[in-house]
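Student: Let me give you the structure first, and then I'll get to my questions.
The values are calculated or read from the model by the stated rules, or taken from the named source; none is laboratory data. For clarity, every value in this text was computed on a predicted model and none was experimentally measured. Methodologically, a virtual Cβ is constructed for each residue, glycine included, from the backbone with ideal geometry; neighbour enumeration extends over all protein chains shown.
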Amino acid sequence: MKKQQGFTLIELMIVVAIIGILSAFAVPAYQDYTKKATLSEFPKVASSTKLAIEVCAHETAADGDSFKTKCINGQEIATLSLNDIDITTVAGTASGAVNLVATAGADKGPIKSGETYVMVGTYSTSGVTWDSYCTTDGTATQDTYCP
């Protein structure tokens with residue numbers, strides 16, 4: 001008599017369970033990765049505007065208050081749109097800093113339309129220092145997706 005060969009039902013169920021457990025960790029990690037990668041486009045699109053602000057600050061040797069007056073309010077800084085990312089606001093703040101806001105104009109994979117990346121430039125004697133945060137509702141959040 002010939003012996004049958006093959007996998008038992010239990011062995012197959014164990015393999016399916018292991019694959020299910022591994023995918024439960026892999027899918028969220030992949031989604032986080034793709035969101036971070038997509039969000040990294042925001043500062044790249046804003047880089048030309050950031051450079052214009054930094055050059056103005058360097059050329060005028062501005063202090064904190066005149067940085068806003070000379071480089072932000074007194075200049076026509078071009079706003080732009082590239083790859084469905086809009087640089088929508090370049091505005092001086094009361095503290096002499098500048099807010100540069102990049103907003104997703106359309107859904108970009110895991111980034112939904114309207115999600116915003118804000119870069120805050122502050123002038124000091126060593127140049128303009130940039131901080132950033134992400135927001136979906138106008139509230140600053142430094143979450144895991146924000147670079």
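Student: Evaluate the following for Ala52: is it in contact (Cβ under 8 Å) with a residue 24 or more places away in the chain and of a type in the set (Gly, Ala, Ser)?
Tutor: So Ala52 passes the test.
Student: How many residues are part of a helix (DSSP H, G or I), among the polar types (S, T, N, Q) and modelled with pLDDT of 80 or more when one looks only at the stretch 1-47? Step through it out loud before you land on a result.
Tutor: Of all residues in the stretch 1-47, those part of a helix (DSSP H, G or I) come to 9-39, 41-47.
Filter once more, so that each one left must be among the polar types (S, T, N, Q): 23, 31, 34, 38, 47.
Pick out the ones that are also modelled with pLDDT of 80 or more and you get 23, 31, 34, 47.
So the count comes out to 4.
Student: Could you check Gln31 against (1) within 27 Å of Ile85 (Cα to Cα); (2) free of Cβ contacts under 8 Å to residues at least 60 places away in the same chain and say which number it fails?
Tutor: Every condition holds for Gln31 apart from (2).
Student: If the requirement is being among the polar types (S, T, N, Q), touching a Ser or Thr at 6+ places or on another chain (Cβ under 8 Å) and at pLDDT below 75, which of these qualifies: Ser66, Ser81?
Tutor: It is Ser66.
Student: Applying the selection to the stretch 89-128, what residues are among the hydroxyl-bearing types (Ser, Thr, Tyr), modelled with pLDDT of 65 or more and surrounded by 12 or more Cβ atoms within 10 Å (Cβ to Cβ)? Even if it seems obvious, please write down each step before you answer.
Tutor: In the first step, residues of the stretch 89-128 are kept if they are among the hydroxyl-bearing types (Ser, Thr, Tyr); the result is 89, 93, 95, 103, 113, 116-117, 122-126.
Checking which are modelled with pLDDT of 65 or more leaves us with 103, 113, 116-117, 122-126.
Thr103, Thr116, Tyr117, Thr122, Tyr123 - these are the residues of the stretch 89-128 that are among the hydroxyl-bearing types (Ser, Thr, Tyr), modelled with pLDDT of 65 or more and surrounded by 12 or more Cβ atoms within 10 Å (Cβ to Cβ).
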